[in-house]
Amino acid sequence: MKNYKSKALTEAGLITALVVMLSLINSYVPVFSMLGNFLIPIPFAVLYLRQDKFMTFGSVFASAFLMAMLYNPIEGILASVIFGLTGITLGFCIKKNKSMFFTIASLAFVSIIGTLFRFVIYIILINKQSVASFVNELLKLFNSSINESIKFYTNMGVDTNT
């Protein structure tokens with residue numbers, strides 16, 4: 001196990017506090033939420049650049065724990081994981097001098113995976129159903145909406161063959 005200096009631990013603690021503060025502002029101030037989604041991963045990227053990946057993962061877990069305690073357990077953990085992975089990906093791409101295209105593509109990929117992960121967790125934990133039954137329910141709703149629209153237009157006298 002690597003021995004960490006107090007400077008690295010202090011920096012990780014300050015980054016964790018900054019991320020928790022930004023996440024709370026992001027959660028409670030609607031105007032800041034769009035900008036916050038871009039700003040919150042940056043402290044994790046800076047920590048990854050200045051320290052190592054293990055210190056950054058520790059900061060992500062600490063911020064997830066604090067957000068779960070201070071805000072909402074599910075939302076706090078999911079937000080910290082998504083922002084942490086995005087920040088670590090950004091830090092990795094900068095540290096390894098990856099191209100701009102690779103950096104943008106990898107950040108987009110991590111963001112899509114994080115969004116899908118959030119979506120699946122919400123379906124399983126909040127709706128308490130499987131993903132397949134949720135999709136089937138959405139398809140039934142979509143089909144009934146289409147059928148109602150067709151029925152409405154035929155009652156208005158619109159030809160169904162066009």
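The values are calculated or read from the model by the stated rules, or taken from the named source; none is laboratory data. What you are looking at is a predicted structure, and each value in this text was computed from that prediction instead of being measured. All Cβ positions, even for glycine, are placed from backbone atoms using ideal geometry, and neighbour counts span all protein chains on display. When the accessible area is computed, the model is the full protein with side chains, heavy atoms only, and any ligands, DNA or RNA have been set aside. Shrake-Rupley method; radii C 1.70, N 1.55, O 1.52, S 1.80 Å.
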Residue within the range 41-58 that is outside any helix (DSSP H, G or I) and touching a helix residue (DSSP H, G or I) at 6+ places or on another chain (Cβ under 9 Å) present: yes
(Q) Take the conditions at pLDDT 90 or above and within 16 Å of the chain's Cα centre (by Cα) and apply them to G84. Does it pass? (A) yes
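Which members of the range 5-36 meet the condition of being among the polar types (S, T, N, Q) and under 25 Å from P73 (Cβ atoms)?
Within the range 5-36, the first condition is being among the polar types (S, T, N, Q), and the residues that meet it are 6, 10, 16, 23, 26-27, 33.
Matches in the range 5-36: T16, S23, N26, S27, S33.
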### Message
Given the criteria more than 17 Å from I77 (Cα to Cα) and surrounded by fewer than 17 Cβ atoms within 10 Å (Cβ to Cβ), does F61 qualify?
### Response
no
Subset of the range 72-84, residues part of a helix (DSSP H, G or I) and surrounded by fewer than 20 Cβ atoms within 10 Å (Cβ to Cβ), comes to P73, I74, E75, I77, V81
Looking across the range 1-58 at residues that are β-branched (V, I, T) and open to solvent by 70 Å² or more (accessible area, probe 1.4 Å), the single one that is modelled with the lowest pLDDT is V31
Selection from the range 118-162 of residues surrounded by 12 or more Cβ atoms within 10 Å (Cβ to Cβ) and part of a loop (DSSP other than H, G, I, E, B) yields N127, Q129, S130
